[in-house]
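*Asks:* Structure incoming, see below.
The values are calculated or read from the model by the stated rules, or taken from the named source; none is laboratory data. All values reported here derive from a predicted model rather than from experimental measurement. As a convention, Cβ positions derive from the backbone with ideal geometry for all residues, glycine included, and neighbour counts pool all protein chains shown. Just so you know, the surface numbers come from the protein's heavy atoms only, side chains and all, with ligands and any DNA or RNA stripped out. Shrake-Rupley method; radii C 1.70, N 1.55, O 1.52, S 1.80 Å.
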Amino acid sequence: MTHETRDLSAPSLVLRDPAVEPSEMVGHLVPPPQFAHATLEGYRPDPEHPTQQQAVDAVERFLAGAGGGGGGFFRKRKAAPVKPGLYLDGGFGVGKTHLLAALWHAHRGPKRFGTFIEYTALVGALGYQGAVEALRGSALLCIDEFELDDPGDTMIMSRLLGELVAGGTRVAATSNTPPNALGEGRFAAADFLREIQALADRFEILRIDGLDYRRRDAEGSAVVTAEAELGERMRSLGAQVADDGFEAVVRHLARVHPSKYSALVAGLDGVVLRDVVPLHDQAQALRFVALVDRLYDAQVPVLATGAPLDEVFAGGMLTGGYRKKYLRAISRLIALTSAAASR
């Protein structure tokens, strides 16, 4: 493959290998920048999808039941015990993360907000007991993108949440998959049904329907930038635009732990991925999904040449067990490349 020589003075993802201390990982457990000021009032339920207003109502009830961040998770509501968790399930781009961040901002008392992968990374960095101690005392734990990709994570998170809830922590989570279906098509779910069901029982579950807001103002496919326009497009994004070959980035992601991907893209005005090719290796694809999630959290626009990024997951990946992850990533790639093209 050929392309114009990249500017060697430009930032590069493949030259970055951020060091992240465990204490920093805990300190960074807050909503991403795009949701730094999310409020319930700022969420606009679609009247054509009543479940969106129902979700707002559920968040308000959850906040009221928190008693300002205090404990007591089995208070009576018409003689029914109040569950210690709230689980918002729905498709891509229906505002689940906005609602979760709004809940976090409105909740009084010690609280943490992170993606599922950030919490499992914290366990990896601190050890299980160290993670429990770091999170213990939190009145609220928000978990975005709650996804179980292997049985080890299933058991770790089940045990972790069980200990924290027993100590008085309330839990709110979002996901694209109902809790009792977590693990379906990914590993031998029947062998871990008890652990998965134990997680599900801790949550009041609400389904949110609606259209993906990221596609409302975006084209139906990821934008491909012509080589001749790349330089001008890069300048329009800002001074800190990482410029790398796509395959080099994919190889680099294997050398950097996903818990560091937020630091990998920190401070960037944009990312250029040159000569995109379809991915056929699932491990590579899943690492790329994790990168896309962090780019989206930080609202870093993406310029790409080669194959369209919405066609990057090949070899039947869109019909396999990780289908929902890949579809979410495609939705976000459409939004990020559209944002870069509109600058």
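*Asks:* Would you confirm, using the coordinates I've provided, whether Ala172 is touching a Pro at 6+ places or on another chain (Cβ under 6 Å) and touching a residue at least 40 places away in the same chain (Cβ under 8 Å)? Steps first, answer last, please.
*Replies:* On the way: touching a Pro at 6+ places or on another chain (Cβ under 6 Å): no; touching a residue at least 40 places away in the same chain (Cβ under 8 Å): yes.
For Ala172, the condition - touching a Pro at 6+ places or on another chain (Cβ under 6 Å) and touching a residue at least 40 places away in the same chain (Cβ under 8 Å) - is not met.
*Asks:* Is at least one residue of the range 73-85 surrounded by 19 or more Cβ atoms within 10 Å (Cβ to Cβ), of a type in the set (Lys, Arg) and at pLDDT 90 or above?
*Replies:* no
*Asks:* Quick test of your reading of the structure: Lys325 fulfils all but one of (1) at pLDDT below 90; (2) surrounded by fewer than 23 Cβ atoms within 10 Å (Cβ to Cβ); (3) under 13 Å from the mean Cα position of the chain (by Cα). Name the failing condition by number.
*Replies:* If we test Lys325 against (1) at pLDDT below 90; (2) surrounded by fewer than 23 Cβ atoms within 10 Å (Cβ to Cβ); (3) under 13 Å from the mean Cα position of the chain (by Cα), just (2) comes out false.
*Asks:* If only one of Gly114, Gly67, Gly91 is open to solvent by less than 40 Å² (accessible area, probe 1.4 Å) and at pLDDT below 90, which one is it?
*Replies:* Working: Gly114 fails: at pLDDT below 90; Gly67 fails: open to solvent by less than 40 Å² (accessible area, probe 1.4 Å).
Checking each option against the conditions leaves just Gly91.
*Asks:* Turning to a different aspect of this structure: Could you count how many residues in the range 277-296 are in contact with a Phe, Trp or Tyr (Cβ under 8 Å, 6 or more places away or on another chain), in a helix (DSSP H, G or I), among the aliphatic types (A, V, I, L, M) and within 16 Å of Arg323 (Cα to Cα)?
*Replies:* 4
*Asks:* Of all residues being in a loop (DSSP other than H, G, I, E, B) and of a type in the set (S, T, N, Q) in the range 8-63, which is most open to solvent (accessible area, probe 1.4 Å)? Just the residue, please.
*Replies:* Restricting attention to the range 8-63, the residues satisfying the condition of being in a loop (DSSP other than H, G, I, E, B) are 8-21, 28-32, 36-50.
Subset that is of a type in the set (S, T, N, Q): 9, 12, 39.
Values: Ser9: 98, Ser12: 10, Thr39: 56 Å².
So, considering only residues that are in a loop (DSSP other than H, G, I, E, B) and of a type in the set (S, T, N, Q), the one most open to solvent (accessible area, probe 1.4 Å) is Ser9.
*Asks:* If you go through the range 249-272, how many residues are open to solvent by less than 30 Å² (accessible area, probe 1.4 Å) and more than 28 Å from Val30 (Cβ to Cβ)?
*Replies:* Of the residues in the range 249-272, the ones open to solvent by less than 30 Å² (accessible area, probe 1.4 Å) are 249-250, 252-253, 256, 261, 264-265, 268, 270-272.
Of the ones still in play, those that are also more than 28 Å from Val30 (Cβ to Cβ) are 250, 272.
Residues that pass the stated criteria total 2.
*Asks:* Please find, among Asp297, Asp269, the residue that is closer than 28 Å to Gly95 by Cα and in contact (Cβ under 8 Å) with a residue 40 or more places away in the chain. Break it down stepwise before answering.
*Replies:* On the way: Asp269 fails: in contact (Cβ under 8 Å) with a residue 40 or more places away in the chain.
Only one candidate passes the filter, namely Asp297.
*Asks:* Go through the range 6-59 and give me each residue that's over 25 Å from Gly270 (Cα atoms) and over 22 Å from the mean Cα position of the chain (by Cα).
*Replies:* Glu41, Asp46, Pro47, Glu48, His49, Pro50, Gln53, Gln54, Asp57
*Asks:* Turning to a different aspect of this structure: For the range 315-326, does any single residue satisfy the condition of being of a type in the set (Val, Ile, Thr) and in contact with a helix residue (DSSP H, G or I) (Cβ under 8 Å, 6 or more places away or on another chain)? Show your work before the answer.
*Replies:* As a first pass, look at the range 315-326 and keep what is of a type in the set (Val, Ile, Thr): 319.
Those left that are additionally in contact with a helix residue (DSSP H, G or I) (Cβ under 8 Å, 6 or more places away or on another chain): none.
No, because not a single residue in the range 315-326 is of a type in the set (Val, Ile, Thr) and in contact with a helix residue (DSSP H, G or I) (Cβ under 8 Å, 6 or more places away or on another chain).
*Asks:* Something else about it: Considering only residues of the range 118-148 that are among the hydrophobic types (A, V, I, L, M, F, W, C) and outside any helix (DSSP H, G or I), which is surrounded by the fewest Cβ atoms within 10 Å (Cβ to Cβ)? Spell out how you get there, then give the answer.
*Replies:* If we filter the range 118-148 for residues that are among the hydrophobic types (A, V, I, L, M, F, W, C), which is where we start, we get 121-123, 125-126, 131-132, 134-135, 139-143, 146, 148.
In the following step, the residues that additionally are outside any helix (DSSP H, G or I) were identified as 139-143, 146, 148.
Details: Ala139: 19, Leu140: 22, Leu141: 25, Cys142: 25, Ile143: 23, Phe146: 23, Leu148: 27.
That would be Ala139.
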